[in-house]
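What follows is one structure encoded as structure tokens, with my remarks underneath.
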Amino acid sequence: MVRSGNLDVRLEESAQSDDEIGMLTRAFNRMTRQLDEQRGELTEANRQLEDRRRFTEAVLAGVSAGVIGLDRSGRVSLPNRPATALLDVGLEQLMGRHLVETIPEFTSAVEQAITDPSRLVEDEIGIETAEGLRTLRVRIAAERDAQQDVIGFVVTFDDVTELQSAQRTAAWADVARRIAHEIKNPLTPIQLSAERLKRKYLNEVTTDPEIFVQCTDTIAVSYT
């Protein structure tokens, strides 16, 4: 019965029995009781691990960033759905494989993390997808156990393609404003000078004053 997994079996013990059979009986009962307790502890530990796994998967499914768990060697153990979507790969292409084999663009960042797990690695990489080039901002941090030993790495990344595009647009707009400012600066004094000439010398011009007015107005209008 014990062989089949029934650890509730107990032999009847005699309080007065101190012979070999009595000692074996008590040893057997103690053994089955300990095995039953250990099985219960293992069952509870497995239940907690399963609950924790489901909770982790639920949390990862609810974030827009890509998240990938790696073991100490860089092998993928837990990618979330946004990760596969951002990388434009199937789940089967990631699970159980080294990340750098599937996505070589991660090589530099992953190697830095493995070489020096004490630091947070940050990088930007470009990934070719069916929708075109996608820029990802990557962070890799070491995962440690209770003894502070490295047991793996957590890779997170966001799509910053549109952000970079907006930053480039803003940068070019700023350049355009500066150029326009530099061009306009010398024009304003010219316009003001033409207007001062008109006011100061109009009454003194006796020959063809209409032409003088026309010329100064042309200068002022041209540089407005």
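The values are calculated or read from the model by the stated rules, or taken from the named source; none is laboratory data. Bear in mind the structure is a predicted one, so any value in this text is a computation, not a measurement. Virtual Cβ from ideal backbone geometry, glycine too; neighbours counted across all protein chains shown. With ligands, DNA and RNA removed, areas are computed over all heavy atoms of the protein, side chains included. Shrake-Rupley method; radii C 1.70, N 1.55, O 1.52, S 1.80 Å.
Would you please report the Å³ per residue occupied by the convex hull of the alpha carbon atoms in region 64-123?
Values: hull volume 4.9 nm³, N = 60.
It is 82 Å³ per residue.
Tell me which residues come under 5 Å, amide H to amide H, from GLU143 once H is placed; ignore anything under 5 positions away on its chain.
Placed amide hydrogens put ILE151, GLY152, PHE153, VAL154 under 5 Å from GLU143.
Ignoring ligands and nucleic acids, what accessible area does ARG137 show with a 1.4 Å probe (Å², nearest 10)?
Answer for ARG137: close to 80 Å² accessible.
Kindly write out, for region 105-116 in residue order, the coupling ³J(HN,Hα) from the Karplus curve 6.51 cos²θ - 1.76 cosθ + 1.60 (θ = phi - 60°), rounded to whole Hz, with x marking Gly and Pro.
4, 7, 3, 4, 5, 5, 4, 5, 5, 5, 5, 9
What distance in nm lies between label points placed 7 Å from Cα along the C-beta direction at THR129 and GLN93?
So the label points at THR129 and GLN93 sit 1.2 nm apart.
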